[in-house]
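Working notes, beginning with the structure itself.
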Amino acid sequence: MDLSRQDKQVVEQLNEMAKQQGLDISGGKVRRSSSRFCLGVEHGDYNGTELFGVGTDRFIWMAYKPNGTKKFRLFSGNFPEDGIVEFEIGSVPSPYSVRDSWSRFPYGADYMLKQKGYQLKEGFDAVIYGNIPGGGMSRSASLALNLILSMCDASGVEIENQLDVIDIAVGIENEYIGSPCGELDQIMILFAKEGMGTHYNPADRSISYVPMGGDTDEFRIVGLDTGTVRPGLEKSTYKIRRAECEELVEKAQEAGFEISCLADIKDEALFNRIYNHFIVTDPELVQRLVYIYNAQKRFYQMLNAWREGDIETVGKIFREDGIGLRDDYVISGPSLKRCAIQLEPLTAFSVRGCSAEAIKAQRARWQGRKPLMI
């Protein structure tokens, strides 16, 4: 894989950081992992919906080289105050015990690989740097995937099924860190492909690619970083919304409705029955259902518009989805609303600390899963 100008600049930074920290990465590898934009359905992963998204040109780079010991030694240029994170294979703090440090991710990768039966035997020296904004574009999923693949590579461990990589990455956040994320972020990053949208169907866990029609040079998805300090999913509204959706499913089941998740509510008659049953007693829970129900109706409209290169319709759906997230799912905030108001002539949707705008120009680019040689 050829190095871009940006890659070359970052590799120089990584080598300089390694020298400053006394880490040996000379002759090692660099793995680059992307971020993602979700095109549908936001918050759909834990509600059981199909998913569609793309990778972007914002990355995390990790330069690493086996060090002939059982120790991992890692330094992050984004969190230099944490110094070198050092630990032996299989010897990490217990789950949920480390707070407010990026070290939770390498600890969690080691922990989850062991839990899943993968035996690491070689430590490495590594330096990491990323330019992914800290909210809304899945920096945590990108880091988790990068660590899993790099740790396995250093030990000659192969994970045959890529969906197992997804499960391990989700496990790092759910079972080790305590963050209640779904699998949308990990899927869209790991399976991203240049010039394509990635379609995931949870019914059979299948991945398919949807080419973007028309002149792709006429279109861009631009992420706007509000600069908002984001506390992490475990401390955010995300956790509350997920619990609300699960509560509504449980109440619906107790009331005799045969559903396993909100994605099962696709039929209009079933939607109306559940809506009318709970709108008086649980209006806020019903609001969450309204968003998921309408987002699912928009899903195949989005796929078709993307395939046909109908950017106006893609933008229209972005706008409708953003309004639904704001009004029905209630996850917006002042900074995101300001972005949307100021860019009203464009079409936009917003998530957490970033908003994404559909405008004319350049497509999102593939993140590249293969390690680069340095």
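Just so it is clear, none of the values below were taken in a lab; they were calculated from the coordinates. Given the structure is predicted, the values throughout are model-derived calculations rather than measurements. Every residue, glycine as well, gets a Cβ built from its backbone with ideal geometry; the counts of neighbours run over all protein chains shown.
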So who's got an amide H within less than 5 Å of the one on R220, skipping anything under 5 residues away but keeping other chains? H placed 1.01 Å off N, in plane.
-> I359, K360, A361, Q362
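Give me the dipole magnitude in Debye, nearest 20, for the chain about the Cα centre, with unit charges on the beta carbon: positive for Lys and Arg, negative for Asp and Glu.
Details: 44 positive and 53 negative charges, 186 e Å.
The dipole magnitude comes to about 900 debye.
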Once the Cα atoms of the chain are picked out, what are the Rg and Dmax in Å?
-> 21.1, 65
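How high is the FRET efficiency between K71 and K239 when r is their beta carbon distance and R₀ equals 35 Å, given to the nearest 0.05? Kindly include the intermediate steps, with their values, before the conclusion.
On the way: r = 34 Å, r/R0 = 0.97.
Here the calculated transfer efficiency is 0.55.
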Just name one of F219, I279, T198: the one whose Cα is farthest towards the positive end of the charge dipole of region 197-307 (beta-carbon charges, Lys/Arg +1, Asp/Glu -1).
-> F219
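Within a 10 angstrom radius of the beta carbon, how do V10, V41 rank from fewest other beta carbons to most?
Details: V10 22, V41 25.
So the residues, fewest neighbours to most, are V10, V41.
Have a look at the DSSP beta bridges in the chain and tell me what percent are antiparallel, nearest 5.
Numbers: 42 of 46 bridges.
The antiparallel proportion sits near 90 percent.
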Enumerate the aspartates and glutamates that K71 could reach by cross-link, defined here as Cα to Cα under 17 Å, with residues fewer than 8 away along the same chain left out.
-> D24, E86, E88, D110, E122, D125, D153
Could you pull out every residue, at least 5 positions away or on a different chain, whose amide H is within less than 5 Å of the one on F124? Hs are placed 1.01 Å off N in the peptide plane, and Pro or chain starts have none.
-> N67, F72, R73
Across region 257-270, in residue order, what do the Karplus-derived ³J(HN,Hα) couplings come to in whole Hz, using 6.51 cos²θ - 1.76 cosθ + 1.60 with θ = phi - 60° and x for Gly and Pro?
-> 7, 8, 9, 10, 7, 5, 5, 5, 8, 10, 6, 4, 5, 5
Report, as a whole number in µm² per second, the diffusion coefficient that Stokes-Einstein gives for region 1-40 at 4 °C and 1.567 mPa s using the Kirkwood radius over alpha carbon pairs.
-> 107 µm²/s
Computed FRET efficiency, Cβ-Cβ of A255 and N201, R0 30 Å: what is it to the nearest 0.05?
-> 0.60
Most positive-pole-ward Cα, N146, Q162, L113, against dipole of region 112-229 from beta carbon charges = L113
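Taking a threshold of 23 Å on the Cα-Cα distance, which of the pairs K121/K193; K29/K121; K29/K193; K8/K121; K19/K70 fall above it? Walk me through the intermediate numbers first.
On the way: K121/K193 31 Å; K29/K121 18 Å; K29/K193 21 Å; K8/K121 30 Å; K19/K70 21 Å.
Beyond 23 Å: K121/K193; K8/K121.
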Karplus (6.51, -1.76, 1.60) ³J(HN,Hα), θ = phi - 60°, over region 19-30, in Hz, Gly and Pro reported as x | 4, 5, 9, x, 9, 9, 10, 4, x, x, 10, 10
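Quick one: compute a quarter of the convex hull surface over the Cα atoms of region 5-210 and quote it in nm². Working shown, then result.
Details: hull surface 44.4 nm².
Over every viewing direction, the Cα hull of region 5-210 projects on average to 11.1 nm².
For each of M17, M137, count neighbouring Cβ atoms within 10 Å of the residue's Cβ, then give the residues from fewest to most.
M17, M137
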Could you run the Karplus curve 6.51 cos²θ - 1.76 cosθ + 1.60 with θ = phi - 60° over region 154-163 and give me ³J(HN,Hα) per residue in whole Hz, x for Gly and Pro?
-> 5, 9, x, 8, 10, 9, 5, 8, 4, 5
Counting other C-beta atoms within 10 Å, which of T237, T56, T198 has the fewest, and how do the rest follow?
-> T237, T198, T56
Across G136, G40, G28, the residue with the highest GNM fluctuation in the chain (Cα network, 10 Å cutoff) is G28
Of the convex hull enclosing the alpha-carbon atoms of region 172-229, the direction-averaged projected area in nm² is 6.3 nm²
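Can you give the alpha-carbon Rg of region 70-121 over 2.2 N^0.38 Å, where N counts its residues?
Details: Rg = 11.2 Å, N = 52, 2.2 N^0.38 = 9.9 Å.
Dividing the Cα radius of gyration by 2.2 N^0.38 Å gives 1.13.
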Sequence-distant or interchain residues sharing an amide H contact under 5 Å with K266, placed H: which?
-> none
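Let me know the charge dipole size of region 5-210 about its Cα centre in debye, to the nearest 20, where only the beta-carbon of Lys, Arg (+1) and Asp, Glu (-1) is charged. Please report the intermediate quantities before stating the final value.
Values: 20 positive and 27 negative charges, 94 e Å.
So the dipole magnitude of region 5-210 works out to roughly 460 debye.
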On a C-alpha basis, how far is the centre of region 148-188 from the centre of region 30-82 in Å? Whole number, if you could?
-> 10 Å
List the trypsin sites (Lys or Arg not before Pro) in region 34-94 that DSSP assigns to loop (not H, G, I, E or B) and whose Cβ has at most 14 other Cβ atoms within 10 Å. Which are they?
-> K70
Send over the Kirkwood Rh of region 228-317, from the inverse of the averaged 1/r over different Cα pairs, rounded to one decimal Å.
-> 14.8 Å
